[in-house]
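Data block below; observations after.
Values quoted throughout were computed directly from the atomic coordinates according to the rules given, and no laboratory measurement underlies them. Computed from a prediction, not measured in an experiment: that's the story for all the values here. Backbone-built Cβ (ideal geometry, glycine too); neighbour counts: all protein chains shown.
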Amino acid sequence: MTLTLLGIESSCDDTAAAVVRGTDVLASVVYGQTALHADFGGVVPEIAARAHAEKLDRCVEQALQESGLTLAELDGIAVTAGPGLIGGVLSGVMCAKGISAATGLPLIGVNHLAGHALTPRLTDQVAYPFLMLLVSGGHCQFLIVESHDTYQRIGGTIDDAPGEAFDKTARILGLPQPGGPSVETAAQSGKPKRFTLPRPLLNQAGCDMSFSGLKTAILRARDGVVAEKGGLTAQDQSDLCAGFQAAVTDVLIEKTRRAMQIYLALNPARRSFAIAGGVAANGAIRDGLMQLCTELDTDFVAPPLALCTDNAAMIAYAGIEMMQAGHRDDLTLSARPRWPL
Ligand code: KG4
Ligand code: ZN
């Protein structure tokens, strides 16, 4: 039976609701909060929680309207129950519980990371097991996804996530937020080899990564240029961005190669590698990963960006797989700020 679920997501700075039937996204609404946090240099948990609480009802209403369905036509409600900023997660969980209590619809608490990890199944019906690189502003990990509730984490960042490093690099160089797109644009006219930047943990065994040293190296390089010339030219900015992006790309490609070796040792009949998270939008990183997949004769799956970044369709879809496997939660469902897969 094809299930139709409402999904709710509010774990960071996007308020989102979606309606998914099987693998059809009938509606996916995302209210971003970037402007609310712009003056603070990062997401302010209290501001995020208030904005979620204010916007969730309207967001759900709009998703239902766009889907053309009423609550009575749904089979359940899936909600992100963690990990994330607790105020936001609580807002979503309370909203979902309210709808569940009022309608009697089954409630499913979904791990936000499972939502990202299962997205390639929603968009491309990728068969298990597949290898996923989840790379965003808050996350960076390699997962072998074996089923909707079996994940092998085979490595990840030991400090900053790459998106966070892109954002900090932009801040250091005086470029606008979010840093990823502005660093990528500036890098296009830059010389990646002008500055010598580290590739942390590149030669260390395993799939773990580190990006905080790279950010410090950018800070030092910038200070060096400023001390010498009294300021940064646009060319200096571009060269630093190009160097930074090349270093992140090198680390991600080399570590993906190693993760792929571990995954391929499982010997799946059909090998697939998928990416998710906002950093997956980066052209240089995407091209490098695509090339690696061609070299290793592995399918490369990159969901459309709107489903790679935070959204509620991925939560509804994860809920569908969980519900099909017999999973149900009830009104005792709790919000979990930490929840490893
Ligand atoms: O997945 P996402 O929307 O939110 C979470 O972090 O959960 O990812 C946002 C991150 C930001 O750090 C942003 O700078 C980064 O993704 N990003 C990029 C690009 N576009 C967005 N990083 C590198 N290159 C890009 N083109
Ligand atoms: Zn996310």
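List of remarks:
- Between A276, A227, A51, the Gaussian network model of the chain with springs among Cα atoms under 10 angstrom shows the greatest mean-square fluctuation at A227.
- In Hz, Karplus ³J(HN,Hα) per residue of segment 18-31 (6.51, -1.76, 1.60; θ = phi - 60°; x = Gly, Pro): 8, 10, 10, 10, x, 10, 9, 7, 7, 7, 8, 10, 10, 9
- Selected from G243, G231, Y128, residue furthest toward positive end of dipole (segment 128-269; charges at beta carbon): G231
- Remark: segment 227-341 carries a charge dipole of roughly 340 debye about the Cα centre, counting +1 on each Lys and Arg Cβ and -1 on each Asp and Glu Cβ.
- Farthest towards the positive end of the charge dipole of the chain, among the residues L266, L252, A221, is the Cα of A221, using unit charges on the Cβ of Lys, Arg, Asp and Glu.
- Working from Cα pairs under 8 Å separated by at least six residues, relative contact order for segment 168-271 is 37 percent.
- Amide H contacts for C140 (H built 1.01 Å from N in the peptide plane; partners 5 or more residues away or on another chain; cut-off under 5 Å): T157.
- Mean Cα-pair separation over length for the chain, i.e. relative contact order, pairs under 8 Å, 6 or more apart, %: 24
- Computed on segment 231-287, the Cα convex hull volume stands at 87 Å³ per residue.
- Choice from G22, G115, G41 showing the highest fluctuation, given a GNM over the chain with Cα pairs closer than 10 Å: G41
- For segment 128-269, a crude dipole built from +1 on the beta carbon of Lys and Arg and -1 on the beta carbon of Asp and Glu, taken about the Cα centre, is about 380 debye to the nearest 20.
- For segment 128-269, alpha-carbon Rg over 2.2 N^0.38 Å: 1.16
- Gyration tensor (alpha-carbon) shape descriptor, segment 62-122, a/c threshold 1.5: oblate
- Among residues other than H148 with Cβ under 12 Å from its Cβ, the summed charge is -2 (Lys and Arg +1, Asp and Glu -1).
- Nearest-0.05 FRET efficiency for D75 and L296, computed from C-beta distance (R0 51 Å): 0.85
- Averaging the Cα positions of each part gives two centres, and for segment 136-163 and segment 281-323 these lie 13 Å apart.
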